[in-house]
Amino acid sequence: MKLSPEIYKEFEEIVGPRYISQDPGVLETYRCMPAQSSAHYGPYWDHMTPTPMAVILPGCTEEVQGIVRLCNKYKIKFKAGGSFWGAMAYIGSDYSIQLDMRRMRKIEIDVKNQLAIIDPYVNGAMLQSEAMKYGFSCNIPGVGCSSSIVASASGWGGVGPSTVCSGGHKENLCALEWVLPNGELLRTGTAGSGDGWFCGEGPGPSTRAFLTASMGVCGEMGVVTKMAMRLYPWPGPAVLPSTGTVPAYKAALPDNFRCYTVCFPSWDMWAKALTMCYDSDLVYLGHRQFNMFGRDLKGAMIRILTDPDKQLCDLEELLSDPEVKRQTEEMKLEFQIVLAGYTKRDMELKEAILQEILKECDAWLSSMMLEPDIENWALLYLIRLGHKNLNYVMCGSYEGNFGLNPNLWVSASYMEEAAAFKKQWEDTHTSIVKNGGDSEMGSFSFTGGGGAVGWEFFVDFDAYDKDSVTGACDFIDETEKWMAERHLGGDMGRSNKYLRQPNGYDWPQEKHNELFSKVPQPHVFAYQWKVREAINPNLLGGSYYRTLDPEMIPENKR
Amino acid sequence: MEAKKTALAEIVGAGSVFDEPDILCEYSRDASFAKPMKPILVVKVKDVHEVQKIVKWANETGTPLVPVSSGPPHHRGDTVPSVPGAVIVDLSGMKKILGIDAKQRVVHVEPGVTYSELSEALEKEGLCIPTALAPRKNKSVLASCLDIEPRTNPRYQWFYPEPLRGMEVVWGDGVRLFTGSGGMGPMDLEKQWKEGNRQTGATGPQNVDFIRILTQSQGTTGIVTWAALRCHILPKIHKLYFAAAATPAGLEDFVYRILHFRFGDELMIMNSAYLASLMGEDASQITSLRGQLPPWVAMVGITGRKILPEKKVETQELDIADIAQQFGLKLVPAVPGVSGNQALKKISSPCGDRYWKETYKGAYQDIFFVTTLDRTSKFIDSMRALAEADGYPVSDMGVYIQPQHQGTSVMLEFNLPYDASNPAETAKMKEFFRSASAELSRQGAFYSRPHGIWAPLQLNKDARNYDVLKKMKKIFDPNGIMNPGKLSI
């Protein structure tokens, strides 16, 4: 489907001819494969998201507003994308246009009040690099530093390894500027009254309620054009001193930074240590990261990834090396932490607290991960979160599944059983990578200071091999049943199944009605319907925004 | 009226519906300048089912409802009906602490639970929650959290409505819902707890952030019947230190640096009048203390909790003292007239039978708003000038600066004691309160909690936000029965 020449011209008049395209070659690059990773509803073989009628690159808020008004005039659906990491950034219907926000990339730092005011294309790496010049860093979500901060704050979860210390994006968010789906411009909190960007709450109830809930609105409700985010302290150099050769980039940081891999004899002790970290404000970053390569492979994989002379073909040899075997076994149950001292005394205190935790939890530090080159690699990896290409290193794609339970103590009690379930599948199927069952990874907390958690198991598969894709899909179906039987909530790998169809298109409202009328609290989705009616009357978003027609609420729940 | 009384009696029992003139009179006014308005009835509710039935009944009969959770005296006008024919829904009898989960660091409270009741229960479990500054003895914890009264430990204010987590609400249209992570499970706390869900996720549960429709809403969107609150480990060692200066600007860099490093726990700035009011037992003691205290102090709390408490406290004492020295200040455990221990006790505990702000002259008005620390001196100078021009004694004016949200903003509060038994003084205060509020608004004060006259002042600055707020109100309270007239929506 194409825009009519007249409508195309109207869009062109807003952004200029250079920043709009309906060239088929360009449009094709704005499609996403549901066989690709982290879509959380597949993977599904042989489909792509729809082709947009045009791609437009707005350069400022006024242009965005002009585009959205025009979309309302012609009832054209639209979606804005920043970094296009996940399927949620892409359109889901034919009569739609795609906005690419890459021209809007300004950063302004309010040093005193620990704030960054950013445009939608600003990603974690851009903001962190700028903030470090002023003694700050920023929360970088698990998706990695190439992800747009505005996208993950307004459109998704926005949490990652630093969240326990930095707070998540939604906690850090202050005022914001938002072109509503009806084309009106809303500035929340102090920005609305022209008093600055420091507070996004109120006056009275906060209008950000319609944008930034736990999962955000996935780009279905207008376009955020500016955000103020709280920063957090960075007691390191103004520039990350990265050295090395791809993929073994590393950063030797001053003595007030350390990265440790803390190892445990049991999941109970692992969970206890996590809460001790919360209670003592110990960590600058906390993550179980490298286990994504799998319990049996992680030692060898870390050797490969930190040595520029090694390749994946060295894996077999390394796996048979007794010392690598010992080191891998040593860190069977582990997590990574980064300590950062704001003063010399502060660092000494943190080291002493860590020793107490080791003592209390019968824990130890991985000797391999203390080798300087590996520690410096892990430091850079975790602080910048720029090695996301390694998520794909096994065989081209992956999906995170299980997710378990946000209660640390509940999820820890199921970890070994989940690992055994996955291992059994690995042993009997060839569709997913065999890496020891336990490939669980995740951040210390979804909230600043500690609290709700979410652990995903990496399921590595080949997105270009039909058997591997369908086999991975089957496995995730099985884990979803396993989760349901244990009342552990939905499987993370299927968390988007109500949001996009296997063929890449939006679900129709009827499907949402069918699904959401059966949930325990259908009014959640009925209120979302009413909110959409109020600010998106022409329904210009897609099915990532979850709604239930209030008429479809079962009689016994009205 | 009788029909309404009968209908409500059928819901809550005849003994819980009140129409005695003296009781109605109690709810018709407060210590603010809100226009007095008698409700027609007061109902005392016991549980969420009664609340839901009342809200449904109110929708059917078009009866305005005004929810109240704290005991008197009220000070902000939000519990005084703005329209005739209102029914007060008094939740102060819902006093259950539904559960404490020490492992998940969360407590569930009903609206009638006060700070002192909650602190006592949490202490037994080795926990505590961040409090607002020296709250009233009968202040509802839930009401205080919903109004986002600033906590005194900004370092732990990860998100603005801290320590709120999931809640149960009856919206203005009569629908009952769990907010946050509880919103995806069965509407049964016990069942959710059994599956390990302790409602620790505050936002969502999906695309709409229900918590933010309730916070700062003054009861205009729904009635919250329990809330999960995040707790902390009870400190083993807890100390409070002072850094003194002649002006608030003299403390600014020090406080910014503490915020930057996230050292300490409690952190705030007060002038001598404010601190004297907080500490003094009577008017003469307050006057005497004002003379002894430094003009301005920053107060920093330091805690040692479970792990290496002594070492942690010692480390932070030395580090914070070093920071103070960098800015030409001295960190001390006491200032003339007040020790750190005395101040800490006052700050973190509910006050006695009489609210401490009423000690000096019997009554007071507060003007509070959100700004940034580097703008506070400008506002303080303006307020002094306004007071001088109006003839209000500047020496009586208390100033409290409470950093929030880990330092991205502060709440700046001006406390204005006066003698309410003197009609001329009251009239003068009323006018001063109005004109000063308006002038500060003009200068950029952001009334994030827009009580009383601040609502039109603030909301009229931003027509688009106001419009979306009205749409929000229409969704959750389509018949406009929840505290109508408040927030100008």
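Values in this text are rule-based calculations from the coordinates and carry no lab data. Since this is a predicted model, take the numbers as computed values, not measurements. No Cβ is skipped: glycine too gets one built from the backbone with ideal geometry, and neighbour counts run over all protein chains shown.
How would B:136, A:295 line up from fewest to most surrounding beta-carbon atoms within 10 angstrom?
By the 10 Å Cβ count, ascending: A:295, B:136.
Give me, ordered by chain and number, the residues 5 or more places off residue A:97 or on other chains with an amide H under 5 Å from its own placed amide H.
A:53, A:77, A:78, A:79
Would you compute, from DSSP H runs of 4+ residues alone, the mean residue ellipticity of the protein assembly as shown at 222 nm, taking -39500 (n - 2.57) per run and dividing by the full residue count, rounded to the nearest 500?
That calculation yields -10000 deg cm²/dmol at 222 nm.
Counting DSSP beta bridges in the protein assembly as shown, what percent are antiparallel, to the nearest 5?
85
Just want to confirm a number: the relative contact order over region A:312-449, from Cα pairs under 8 angstrom separated by 6+ residues, in percent.
11
Two-decimal Rg/Rh of region A:450-558 from alpha-carbon positions, Kirkwood Rh?
Rounded to two decimals, Rg over Rh is 1.03.
Zone of residue A:549 (label point 7 Å along Cα→Cβ, backbone N under 11 Å): which residues in region A:192-222?
Label zone hits: none.
Give me the distance between the Cα centres of region A:140-159 and region B:133-161, rounded to whole Å.
29
Tell me the net charge near residue A:557. Cut-off is 13 Å between Cβ atoms, residue A:557 excluded, with +1 for each Lys or Arg and -1 for each Asp or Glu.
Result for the local shell: +1.
Could you work out the relative contact order of region B:2-92? I mean the mean sequence separation of Cα pairs under 8 Å and 6+ apart, divided by the number of residues, in percent.
34
Among residues other than residue B:432 whose Cβ falls under 15 Å from its Cβ, what is the net charge (Lys/Arg +1, Asp/Glu -1)?
Its environment carries a net charge of -3.
Mind sorting A:439, A:543, B:277, A:517 by how few other Cβ atoms lie within 10 Å of their own Cβ, fewest first?
So the residues, fewest neighbours to most, are A:517, A:543, B:277, A:439.
For residue A:478 and residue A:503, calculate 0.36 nm times their separation in residues minus their Cα-Cα distance, and state this gained length in nm to one decimal.
Between residue A:478 and residue A:503, full extension yields 6.9 nm more.
By how many nm would the segment from residue A:416 to residue A:245 lengthen if fully extended, with 0.36 nm per residue of separation less the alpha-carbon distance?
Answer, rounded to one decimal: 57.9 nm.
Report the net charge of residues surrounding residue A:167, where surrounding means a beta-carbon distance below 12 angstrom and charges are Lys +1, Arg +1, Asp -1, Glu -1.
Taking every other residue near residue A:167 into account, the sum is +2.
Using alpha-carbon pairs under 8 Å, 6+ residues apart, how would you state the relative contact order of region B:59-209 in percent?
Computed over region B:59-209, the figure is 16 percent.
Which distance in nm do the two modelled labels at residue A:392 and residue A:29 give, with both placed 7 Å along the Cα-to-Cβ direction?
Each label point is offset 7 Å from its Cα along the Cβ direction, giving 1.5 nm.
Which FRET efficiency, nearest 0.05, do residue A:134 and residue A:510 yield, Cβ-Cβ r, R0 56 Å?
E(calc), rounded to 0.05, equals 0.60.
What percent of all Cα-Cα pairs in region A:324-405 falls into each 5 Å bin, going from 0 up to the bin containing the maximum distance?
3, 10, 14, 19, 24, 16, 8, 5, 1, 0
Alpha carbon centre of region B:66-84 versus region A:264-338: separation in Å?
Region B:66-84 and region A:264-338 have Cα centres spaced 57 Å from each other.
About the Cα centre, and with charges only on the beta carbon of Lys, Arg (+1) and Asp, Glu (-1), how big is the dipole of region A:1-121? Nearest 20 debye, please.
The calculated dipole for region A:1-121 is roughly 160 debye.
What FRET efficiency comes out for residue B:426 versus residue B:388 if R0 is 35 angstrom and r is the Cβ-Cβ distance? Round to the nearest 0.05.
0.95
Just to be sure I understand the curve: with the Debye formula and one point per C-alpha of the protein assembly as shown, what is log10 I(q)/I(0) at q = 0.04, 0.07, 0.09 Å⁻¹?
Scattering profile of the protein assembly as shown, log10 relative to I(0): -0.19, -0.61, -1.03.
Calculate, for residue B:98 and residue B:123, the FRET efficiency according to 1/(1 + (r/R0)^6) with r their C-beta to C-beta distance and R0 22 Å; round to the nearest 0.05.
E between residue B:98 and residue B:123, to the nearest 0.05, is 0.80.
Loop-only check: which trypsin sites (Lys or Arg not before Pro) in region A:73-105 are DSSP coil with at most 10 other Cβ within 10 angstrom?
Those satisfying the criteria are A:75.
Say the cut-off is 18 Å between C-alpha atoms; which of A:272/B:236; A:518/B:471; B:103/B:194 go over it?
A:272/B:236; A:518/B:471
Along Cα→Cβ, 7 Å out, is where each label goes; now give me the distance between the ones at residue A:1 and residue A:364 in nm to one decimal.
Placing both labels 7 Å along Cα→Cβ, they lie 6.3 nm apart.
Can you give me the C-alpha center-to-center distance between region A:190-208 and region B:343-401, rounded to a whole angstrom?
Spelled out, the Cα-based centre of one part sits 24 Å from the other.
Rank these for me by crowding, A:523, B:75, A:487, B:405, going from fewest to most other beta carbons within 10 Å.
Going from least to most buried by this count: A:487, B:75, A:523, B:405.
Under the classification rounded if a/c is under 1.5, otherwise prolate if a/b is larger than b/c and oblate if not, where does chain B fall, given a ≥ b ≥ c as square roots of the Cα gyration tensor eigenvalues?
oblate
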